[in-house]
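A.B. asks: To start, I am sharing the structure in question, which I have written as structure tokens.
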Amino acid sequence: MVADRETLIPFDQSLRVTDQIIGHGMSQGVFFYPGGTGEIRDIICMGPAFIIDDDDIQLTVDALSYALDALIDLENPVT
């Protein structure tokens, strides 16, 4: 994820974007995990079980949507 799609400028590290998404996901019952290091960071990974069903897929989609919506207001970070 980047702050600017055109220039691929990343979010400022102090915003802890990946940590926020993981925190919001966990609050919804879904575990996302971080990927990337250095300049290539703010990568969100998912590893669903092979036996995932439609309800679990919907839960994951809803949790990610919730997390991304919450990031729109970066003034209120998850701690």
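Where a number appears in this text, it was derived from the coordinates with a stated rule and is not lab data. Since the structure is predicted, the reported quantities are computational estimates derived from the model, not experimental observations. Methodologically, a virtual Cβ is constructed for each residue, glycine included, from the backbone with ideal geometry; neighbour enumeration extends over all protein chains shown.
A.B. asks: Let me check against my output: what whole-number percent is the relative contact order of the range 13-71, with C-alpha pairs under 8 Å and at least 6 apart?
C.D. replies: Value for the range 13-71: 40 percent.
A.B. asks: Against the longest principal axis of the chain, how steep is helix 54-71, in degrees 0 to 90 to the nearest 10, with axes from Cα atoms?
C.D. replies: 20
A.B. asks: Show me the ranking of peptides 23-35, 3-15 by mean Cβ neighbours inside 10 Å, starting with the highest.
C.D. replies: Averaged packing, sorted descending, gives the order 23-35, 3-15.
A.B. asks: Just to confirm the number: angle between the C-alpha axis of helix 17-27 and the first principal axis of the chain, 0 to 90 degrees, nearest 10?
C.D. replies: Roughly 30 degrees, rounded to the nearest 10.
A.B. asks: Something else now. Going 7 Å from the Cα of Ala49 toward and past its Cβ, which residues in the range 16-35 have a backbone nitrogen under 18 Å from where you end up?
C.D. replies: 26, 28-33
A.B. asks: Where does the chain land at 222 nm, in deg cm²/dmol rounded to the nearest 500, when only DSSP H runs of n ≥ 4 count, each adding -39500 (n - 2.57), divided by all residues?
C.D. replies: The helix contribution divided over the chain gives -12000 deg cm²/dmol.
A.B. asks: Rounded, prolate or oblate, given the Cα gyration tensor of the chain, with a/c below 1.5 counting as rounded?
C.D. replies: Cα axes put the chain in the prolate bin.
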